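K.L.:
I have a structure I would like to understand better, so I am pasting it below and will then ask my questions one at a time.
The values are calculated or read from the model by the stated rules, or taken from the named source; none is laboratory data. Treat the numbers as computed from the prediction; the structure is a model and nothing was measured. Every residue, glycine as well, gets a Cβ built from its backbone with ideal geometry; the counts of neighbours run over all protein chains shown.
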Amino acid sequence: MTITLKKVACFAGLALMGLASASAQNLKPGQYEYATVTEVFGMKIPVNFKQCVTQKDVDTNSAYVNQQGMEGCTPPEVKRKGNNISMKYACTKPKMSGEGKGTVTDDTFNMDMRVTQFDEGSDMKGTVVHTALSAKRLGDCTK
């Protein structure tokens, strides 16, 4: 079985896409620090980064969305109850689905995502990718 980093990154990006749309609803604009760990085929791939989130990002639920490789995905279905969030989404190319659960405050969020690949003929078919993500607001964005 051949796996490429690009495919793993696509799964991680999809997980982040769902989280971004779900969590942006109550977040304060500002500089956020993220820590993610994506696990696939027993490998853990950590990714840490910082990103400035604007009021427009919050208002449009587009904060943190990695648009690269997201063509063919439906907007996530998000359910909220208090600080708890759950979400589901699906993509047609590659064919996959994702779901996640987490918690949100005005300056932090945490989420666990699971993405399952369904493409026929793909070496990733049936693969479940898990991504754990946490983020915290550091302060105002710097220019």
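K.L.:
Kindly list, by first and then second residue, each pair from a residue in region 121-143 that is in a loop (DSSP other than H, G, I, E, B) to a residue that is surrounded by fewer than 18 Cβ atoms within 10 Å (Cβ to Cβ) and modelled with pLDDT under 90, limited to pairs with Cβ atoms under 6 Å and residues at least 6 apart or on different chains.
P.N.:
From region 121-143, the pairs are 123/1; 123/2; 125/119; 141/52.
K.L.:
Scan 28, 101, 56 and give me the residue that is surrounded by 15 or more Cβ atoms within 10 Å (Cβ to Cβ), charged (D, E, K, R) and either modelled with pLDDT of 85 or more or not in a strand (DSSP E or B) (or both).
P.N.:
On the way: 28 fails: surrounded by 15 or more Cβ atoms within 10 Å (Cβ to Cβ); 56 fails: surrounded by 15 or more Cβ atoms within 10 Å (Cβ to Cβ).
Going through 28, 101, 56 in turn, just one is surrounded by 15 or more Cβ atoms within 10 Å (Cβ to Cβ), charged (D, E, K, R) and either modelled with pLDDT of 85 or more or not in a strand (DSSP E or B) (or both): 101.
K.L.:
In region 68-98, what residues are among the hydroxyl-bearing types (Ser, Thr, Tyr) and surrounded by 15 or more Cβ atoms within 10 Å (Cβ to Cβ)?
P.N.:
At the first step, the residues of region 68-98 found to be among the hydroxyl-bearing types (Ser, Thr, Tyr) are 74, 86, 89, 92, 97.
Within region 68-98, 86, 89, 97 qualify.
K.L.:
Contact list please: Cβ distance under 9 Å, first residue in region 43-58 and small (Gly, Ala, Ser), second residue modelled with pLDDT of 85 or more, pairs at least six apart or on different chains.
P.N.:
Sorted first by the residue in region 43-58, then by its partner, the list stays empty.
K.L.:
Out of (1) over 20 Å from residue 137 (Cα atoms); (2) surrounded by 19 or more Cβ atoms within 10 Å (Cβ to Cβ); (3) modelled with pLDDT under 70, the odd one out for residue 38 is which?
P.N.:
(3)
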